[in-house]
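Let me begin by presenting the structure, written as structure tokens, before commenting on it.
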Amino acid sequence: MYDIIGDIHGHADALELLLQKLGYEKSKGYYRHPERKVIFVGDYIDRGPKIKETLEIVRAMAENNAAIALMGNHEFNAILYNTRGTDGEYLREHSHRNVSQHARTVEQFTEDEAAYRSYIHWFKTLPLYHEEENLRAVHACWDETSIQHLRKTLLNDRLTDEILLHQYNKQAQFTEALEVTLKGKELSMPEGLSFTDKDGHPRNALRIKWWLSPKQITYRQYSVSTYDTLTDELVPEILVSKNKPYPPTEKPVFFGHYWLPGNAPTSVYEKNVCCVDYSVAKAGKLVAYRWQGEKSLDHANLLHVSPVDI
């Protein structure tokens, strides 16, 4: 049985509180449960006040078989930020925006460079998805085409330096599969319309609800987040022809990534689709879904804590 926990972003106190609420106890240096196991869906770093402590908790649980820790897009970005390509340039540009996004993580390791390097190496060992007979988990999007391509390309569902250097940004299908899996699917907005994201950056592409059928759907309905600038126009079929919905007959899939708002988590979108990211880094909640093996998911199995509870 699993407890699937959403994006933590350096909020170690909230994580410990949630683990305790779920019945995990700290013993021999890590949190564990006598009958259950955690699946962390990624994004452990950046933004929060206790990034190092968060990584210590997650890594200790993963290395002692008390948890499965997946890679999030922030861990992937950190790998790219610290990896030079064959041309000598970093795979993730050290632009003002990228430096700013990763700044809190770097700052919290200022006096322990060796530990920072160790965690960057550890990030490379994290699987990009998890699947077993009755459950799937991924950071942002379970797209079968992307997952199958990654299965063929990765080594035991994991990245290696060789794969990164010879495939990323050089093999379009591989790069797209990584982007979809770790960052989700996007759709261009109608011409002339844009919005400002949670970090204040202008955007003209929507993060879409990839589990929905794209037929006869409006921009507002298809967007994960709600923006005033969205219209109720139907999305042209030509723009969504590649986006197949997650079938209702498939096993339950859990993911994070989407910074959902709201006081009471209700992110079971379909009977087999659940998001567990409720914006803990933006004064939201840290959420877990307590999965008992059910095929039809239930809002009642969502548990949460808030930083203000600490």
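The values are calculated or read from the model by the stated rules, or taken from the named source; none is laboratory data. Computed from a predicted structure; not experimentally measured. All Cβ positions, even for glycine, are placed from backbone atoms using ideal geometry, and neighbour counts span all protein chains on display. Each accessible area value is taken on the protein alone, full model and side chains, heavy atoms only, with ligands, DNA and RNA left out. Shrake-Rupley method; radii C 1.70, N 1.55, O 1.52, S 1.80 Å.
With (1) touching a strand residue (DSSP E or B) at 6+ places or on another chain (Cβ under 7 Å); (2) at pLDDT below 95; (3) crowded, with 16+ Cβ neighbours inside 10 Å as the list, and Met1 as the residue in question, which single condition is left unmet?
All conditions are met except number (3).
I need the full set of residues from region 116-160 which are open to solvent by 20 Å² or more (accessible area, probe 1.4 Å) and touching a Ser or Thr at 6+ places or on another chain (Cβ under 8 Å), in order please.
Result: Lys124, Asp143, Arg158.
When residues of region 51-89 are filtered for being touching a residue at least 24 places away in the same chain (Cβ under 8 Å), in a helix (DSSP H, G or I), closer than 20 Å to Gln101 by Cα and of a type outside the set (Asp, Glu), how many remain?
The total comes to 11.
Residue by residue through region 33-53, note down the ones that are of a type in the set (A, V, I, L, M, F, W, C) and in contact with a strand residue (DSSP E or B) (Cβ under 8 Å, 6 or more places away or on another chain).
Val38, Ile39, Phe40, Val41
If you go through region 42-65 one residue at a time, do you hit one that is surrounded by fewer than 21 Cβ atoms within 10 Å (Cβ to Cβ), touching a His at 6+ places or on another chain (Cβ under 8 Å) and among the hydrophobic types (A, V, I, L, M, F, W, C)?
No.
Answer yes or no: is there a residue in region 194-210 that is at positive phi and modelled with pLDDT under 80. Steps first, answer last, please.
Kept after step one, since they are at positive phi, are these residues of region 194-210: 200.
Keeping just the survivors that are modelled with pLDDT under 80 gives 200.
Among the residues of region 194-210, at least one is at positive phi and modelled with pLDDT under 80, which makes the answer yes.
Where residues in region 13-24 are over 18 Å from Arg59 (Cβ atoms) and of a type outside the set (Gly, Ala, Ser), which of them is least open to solvent (accessible area, probe 1.4 Å)?
In the first step, residues of region 13-24 are kept if they are over 18 Å from Arg59 (Cβ atoms); the result is 17, 20-23.
Narrowing further to those that are of a type outside the set (Gly, Ala, Ser): 17, 20-22.
Values: Leu17: 56, Gln20: 103, Lys21: 111, Leu22: 3 Å².
Only one residue tops the list, namely Leu22.
It is to be established whether one or more residues within region 179-186 are surrounded by 14 or more Cβ atoms within 10 Å (Cβ to Cβ), more than 28 Å from Lys37 (Cα to Cα) and not acidic (Asp, Glu). Let's see the steps before the verdict.
Filtering region 179-186 for residues surrounded by 14 or more Cβ atoms within 10 Å (Cβ to Cβ) gives 179-186.
Those left that are additionally more than 28 Å from Lys37 (Cα to Cα): 185-186.
If we keep only those that are not acidic (Asp, Glu) as well, we get 185.
Yes, the conditions are met somewhere in region 179-186.
Say whether the condition of being in a strand (DSSP E or B), in contact with a Ser or Thr (Cβ under 6 Å, 6 or more places away or on another chain), open to solvent by less than 40 Å² (accessible area, probe 1.4 Å) and over 21 Å from Asp13 (Cβ atoms) is met by at least one residue in region 275-290.
Of the residues in region 275-290, the ones in a strand (DSSP E or B) are 275, 277-278, 285-290.
Those still in the list that are in contact with a Ser or Thr (Cβ under 6 Å, 6 or more places away or on another chain) too: 275, 285.
Of the ones still in play, those that are also open to solvent by less than 40 Å² (accessible area, probe 1.4 Å) are 275, 285.
Still in the running and over 21 Å from Asp13 (Cβ atoms): 275.
Yes, that holds for at least one residue.
Return only the number of the condition from (1) open to solvent by 40 Å² or more (accessible area, probe 1.4 Å); (2) assigned to a loop (DSSP other than H, G, I, E, B) that Gly10 does not satisfy.
Only one criterion in (1) open to solvent by 40 Å² or more (accessible area, probe 1.4 Å); (2) assigned to a loop (DSSP other than H, G, I, E, B) is unmet by Gly10, namely (1).
Can you find a residue in region 15-34 that is part of a helix (DSSP H, G or I) and closer than 30 Å to Lys185 by Cα?
Yes.
Among the residues of region 115-144, which ones are part of a helix (DSSP H, G or I) and aliphatic (A, V, I, L, M)?
Selection gives Ala115, Ile120.
So which residues in region 291-310 are within 20 Å of Ala67 (Cα to Cα) and either outside any helix (DSSP H, G or I) or of a type in the set (A, V, I, L, M) (or both)?
Scanning region 291-310 gives Trp291, Gln292, Gly293, Glu294, Leu302, Leu303, His304, Val305.
Go through region 145-255 and tell me which helices (runs of 4 or more DSSP H), entirely inside it, have 3 or more residues that are touching a helix residue (DSSP H, G or I) at 6+ places or on another chain (Cβ under 6 Å), of a type outside the set (Phe, Trp, Tyr) and touching a residue at least 40 places away in the same chain (Cβ under 8 Å). Steps first, please.
On the way: elements: 161-167, 172-183, 219-222, 237-240.
By residue number, 172-183.
Determine which single condition Ala205 fails, assuming it passes every other condition in (1) of a type in the set (A, V, I, L, M); (2) farther than 28 Å from Leu55 by Cα; (3) surrounded by 13 or more Cβ atoms within 10 Å (Cβ to Cβ).
Among (1) of a type in the set (A, V, I, L, M); (2) farther than 28 Å from Leu55 by Cα; (3) surrounded by 13 or more Cβ atoms within 10 Å (Cβ to Cβ), the lone unmet condition for Ala205 is (3).
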